[in-house]
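Below you'll find the structure, written out as structure tokens, and then a few comments.
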Amino acid sequence: MNRNQGILHQIDWITVGLYFLLVILGWLNIYAAVFNEDHRYIFDVSQRYGMQLIWIVAALMLIVVIFSIDSRFFSAFPYPMYLLMILTLIFVLIFGRVVNGSKSWIEIGMFRLQPAEFAKLATALTLAKFASVYNFKLNQFRNLLIVSAIIGIPAVLILLQNDTGSTLVFATFSLVLYREGLPGWILVMGVVLILLFVLALLLGLNALTVIIFVSAWVYLLAHTRNLKISGWILLPSGIAYLGMYLAIWFLNLKLSLAVQLVAPWFLSFPIYLVMAYKNNIKRIYGVVAAITFSLMFIFSVDYVFHNILIKHQRDRINNLLGIEFDPLGAGYNVNQSMIAIGSGGAVGKGFLQGTQTKYNFVPEQSTDFIFCTVGEEWGFVGSALVLLLFLGLLFRIIFLAERQKSKFTRIYGYGVAAIFFFHILVNVGMTIGLAPVIGIPLPFFSYGGSSLWAFTILLFILVRLDVSRDQQLN
Amino acid sequence: MQLNDQYIDRKWVVGGIFAVFILIFIIRLFFIQVADNKYSMSADSNSQRHMIQYPARGLVYDRNGILLVHNQAAYDLMVIPRQVLPFDTLLLAELLDIDVKLIRDRIYKAKIYSRYKPSIFLKQISVSRYARFQEHMFKFPGFYIQSRTLRDYPRPMAAHLLGYVGEVNDDMVKKNPYYSSGDYIGISGIEKSYEEVLRGAKGNKIFLVDVHNRIKGEFMNGALDKQAVQGLDLTTTLDAELQEYGEKLMAFKSGSIVAIEPQTGEILALVSSPTYDPKMLVGRKRSKNYSILQKDELKPLFNRALTAQYPPGSIFKIVNGLIGLQEEVINLETHFECDKSLVGCHNHPPNNGIIKAIQYSCNPYFNQVYRRVVQQGTDKNRFVDSRYGVKRWVELCQSFGLGQTLPIDVPNLSSGSIPGLKYYDKKYGKNQWAFSTIASNAIGQGEVMIVPLQMANLAAIFANSGYYIVPHIVKKIGENPTSKDEYTQRRYTGIDHKWFVPVKEAMYAVVNEAGGTARLARNDSIVICGKTGTVQNPHGEDHSVFIAFAPRENPQIALVVYVENTGFGGTWAAPIASLIIEKYLHRVVSAKSVEEKEKRIIEYTPLKK
């Protein structure tokens, strides 16, 4: 009795409040999205809104279960859990059921579960466990390798299930690692690589090569404040590239793209090394390395994009970047989704008044594209509010994580924040044309028990750990 | 206790990343929802309306380019319950000439189907009513007009052949993804068999509609629209004037006329009487009229020409004669007495061979021929022997297109029947039957059943001296002649070409020589060859049959006329056939023929009440 009162007192009611607010809003939006005039009753279990209520009630029971478990349990068993998760993923890969092209489901009786949802949880706990040992340093190579494996193994297994969306979620653990001391430049490099990827497709390789050289020049100019020396970085390569193009033009040379891109650079870069040595500007070594790497990278992007990606993946990226506009084909979903959201205007059409989503213009309107209903019926005000609620939740999770004495709980907390963040980022981004169409659910909003439970467990383990924050000392 | 956490400040970076992305999203939302009206044109009530573009169904012409079937505009009033605002029900009832209760019912039904998808509120509103309604349409948000086309018949004829169009049923909607509820589909006749050609392909157009129910423009400049593809026109083999004339002659009689161009298998006329006006089965009145026609005891919906299986009567003697000649059980000079003890016969001069026997239609003669065909002496036991004979006889009959469904391009053709070993074994038991059991087949009175189309095809085979091309009704689809092998390749019978010479001689004699049974078919200007039949009918008066082709040299038309319950073949069927031939070959029927034949036939109206 006493202990229970203690728990109630210790629970972070702000997080719990945000959780319930979002779950209820999510439920109402599912009601609106698939509203059926003949089944107006929101509790009607023949409809998705009735079913979602069942999932919600089940989620509440899960919360009770989580609170009844001793907090030390979560830090004691991540490794066996992780192992079990890996085995399950392998099992699914062999015996799983294919739904929407992903072999990522297992069926137990009438229930279908997607183990990938729980893989995130197991990975977050395991990561926390491993990185919370005393005197753990992330910049040790061995540690970095193990951490990469912890994240990488489930990611690769899920990728093999053809579930690209869930795979990408694992990339966000880099934010957790960053908090725990991963060098900042790795994150920056990640961003630069994404930028190069996008620009390579958007501008083409030749234009991007010019941009890379100009950036190198600007960078050197900024640091050396010497126009002459920084200018030299352009000249030899400029001549080499020009020479190559003239040769192609006049001699009718047939050079492969790779050779076109890299050969002039390799011909000219010894000059830079000599220059760097002579003038004793060490920065030039770095620049030379960066240019070399960038050129190889953009070439591989081009190669992978055109030769390895499947057509529909290519189409989705092309549509996202605006390279192609095909409103009937690959761009259909996003176009319809943006019409629905855009038609909501400032204050929306009102609850149950949306037409775009209900007309079935928007595909998957109760799962992946549920945010359309928010946008259409609640307008800018409503959708911004939902996003701010999510941001509030993310902040609160960080706050909870940071107030822990236990490093384990903190790392886990960041893991939770990162997973939530990625889902919101990609799901909402996709509906407003800022992210490629990747089928991952919006936490608490997308219809379905599997994802609701996974997010609930993820969040409430943190809340449970937080309750016992004074007891956890590792 | 957490000691010297050197990275504590990074929580601001992580938090900052979260905040920046959410902020970017909010800005983006601001642009698509508030600032940019590309997506939110007067956001409160604009909506898209998907309108199916129904293509016009292909037209149908006769062989000379006369229009037989075309389209008339009709308008369906559609409703989207979700968009309906309170309106003046009385005004709507008055404009559409329906009662208020019906309006309520229909809206209720539409709601049950879907609140958001359009359903048909009122079908096939006439042009004049549509014009009036359109002026008031702005008062009825949620309603709009969808234009459709209905069939129309400038010269109502050949109802059975042309068939009719109706709403697609649920089974078809499930089976074929092209159709959705409320679509039209060909249900019978060539509307059915050429459905895919005639229907074209539906299109889809998306409009933006304002709160006043007015179309404001194309959605995305029509980028998502799909153009409807018009159906292809059909040119049939039918001769409209001949068909009309045939229907006129057959008025108030029960029976059929099928006329074929022998060299091509093209059906020139296909009359089934009593018939009905194809206009009856168009539009809203279709289901009411359909049940009236269905209840009519004269069975006007029944296409006798393709589905009525009749005993062929004496015209079948020619087939048996040809088989006898081919099997060499008789020759041209073979003589059989007219022995009335075998089978009854009328009084005629003695025959001295097959030609005269056909001319006089001598029953005992063909009884003997058929005996020789069946009992060829292959086996000593006559029961076993008859099995060999009948097997061969069935084979040869089938080579005439009998006892099988010919692959014609109109649905629901019956096969008729040529009874074989299986049939008789089942009926009498194996080795329990022989010639005497089945002797009535000799004169076309037994179990042999033939539909009029097959009879006409027999006439074509005689005209062609031994081959036929599967009869068909469509010559050209769009601009392309039908190129199906079936409708271009000759099918040869198992009878040698030379045996048709005496048959033609006899058929000439039937019409043109003294003692012939079809003297009434004679025409001074055309050499007609034919054969009468009088089919005994246990249910009433005999059926009158006549098959013919003309002219004797290089025949242009082969036909059958089958008139039920009118007695002797020469009396009614023969003169009708003669008139049809004259009409087809000369385009006009001479005053003499009108006086001698047409008048009498038109005045004869056994079915008139």
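List of remarks:
- Karplus-derived 3J(HN,Hα) values for the stretch A:70-80, using 6.51 cos²θ - 1.76 cosθ + 1.60 with θ = phi - 60°, are 5, 4, 5, 3, 5, 8, 8, 10, x, 5, x Hz; glycine and proline are entered as x.
- Accessible surface of the protein assembly as shown [probe 1.4 Å, protein heavy atoms]: carbon and sulfur percent: 60 percent
- Percent of beta bridges antiparallel (DSSP, the stretch B:240-603, rounded to nearest 5): 95 percent
- Counted charge near B:F121, where neighbours are those whose Cβ lies closer than 11 Å (Asp, Glu -1; Lys, Arg +1): +1
- Measuring against 25 Å, Cα to Cα, the residue pairs B:K253/B:K422; A:K349/B:K139; B:K356/B:K599; B:K295/B:K609; B:K111/B:K295; B:K299/B:K476 contain B:K253/B:K422; B:K356/B:K599; B:K111/B:K295; B:K299/B:K476 as the ones spanning a longer distance.
- Its DSSP H runs of at least 4 residues, each contributing -39,500 (n - 2.57), put the calculated 222 nm mean residue ellipticity of the protein assembly as shown at -15500 deg cm²/dmol, to the nearest 500.
- Cα gyration tensor category, rounded, prolate or oblate, for the stretch A:190-308 with a/c compared to 1.5: oblate
- Karplus-derived 3J(HN,Hα), 6.51/-1.76/1.60, for each residue of the stretch B:540-546, Hz, glycine and proline x: x, 5, 4, 8, 9, 10, 8
- Spatial separation of Cα centroids for the stretch A:394-466 and the stretch A:7-28, in angstrom: 14 Å
- Near A:D12, once Lys and Arg are set to +1 and Asp and Glu to -1 for all other residues with Cβ below 9 Å from its Cβ, the sum equals 0.
- The stretch B:48-235 - Kirkwood radius from inverse mean 1/r over Cα pairs (Å): 18.0 Å
- Loop-resident trypsin sites (Lys or Arg not before Pro) (DSSP state other than H, G, I, E or B) in the stretch B:96-175 with no more than 15 further Cβ atoms inside 10 Å of their Cβ are absent.
- Inter-chain shielding of B:19-26 (mean C-beta neighbours from other protein chains, 10 Å cut-off): 6
- The stretch A:231-289: trypsin sites (Lys or Arg not before Pro) in DSSP coil with no more than 14 other Cβ atoms inside 10 Å: A:K254, A:K282
- Here chain A is assigned +1 on the Cβ of each Lys and Arg and -1 on the Cβ of each Asp and Glu. Its dipole about the Cα centre then comes out at about 1580 debye.
- Normalising the average separation of contacting C-alpha pairs (under 8 angstrom, six or more residues apart) by the number of residues puts the relative contact order of the stretch B:48-235 at 33 percent.
- Shielding by partners, peptide A:176-182 (average Cβ within 10 angstrom, other chains): 3
- Under 28 Å from the Cα of A:K278 - lysines, other chains or at least 8 residues apart: A:K228
- Partner shielding of A:344-351 amounts to 4, given as the average count of beta-carbon atoms from other chains within 10 Å of each residue beta-carbon.
- Loop-located GluC sites (Glu not before Pro) in the stretch B:439-491 (DSSP state other than H, G, I, E, B) with a sparse environment of at most 10 neighbouring Cβ atoms within 10 Å: B:E479.
- Cα gyration tensor category, rounded, prolate or oblate, for the stretch B:470-526 with a/c compared to 1.5: oblate
- Highest to lowest packing among A:131-140, B:192-201, B:565-574, scored as the average C-beta count within 10 Å: B:565-574, B:192-201, A:131-140
- Nonlocal amide H pairs with B:Y75, under 5 Å, H built at 1.01 Å: B:Q124, B:I125, B:R148
- Reachable aspartates and glutamates from B:K426, criterion Cα separation under 16 angstrom, eight or more residues apart if same chain: B:E447
- Set of lysines near B:K202 by C-alpha distance (under 17 Å), chain-local residues within fewer than 8 positions excluded: B:K226
- Karplus-derived HN-Hα couplings along the stretch A:265-276 (A = 6.51, B = -1.76, C = 1.60, θ = phi - 60°), whole Hz, x at Gly and Pro: 5, 5, 5, 9, 6, x, 4, 5, 4, 4, 4, 4
The values are calculated or read from the model by the stated rules, or taken from the named source; none is laboratory data. Nothing here was measured: the structure is a model prediction, and the numbers come from that model. FYI the Cβ positions are ideal-geometry reconstructions off the backbone, even for glycines, and counts take in every protein chain you see. Ligands, DNA and RNA are stripped out before the accessible areas are found, and what is left, the full protein with its side chains, is counted by its heavy atoms. Shrake-Rupley method; radii C 1.70, N 1.55, O 1.52, S 1.80 Å.
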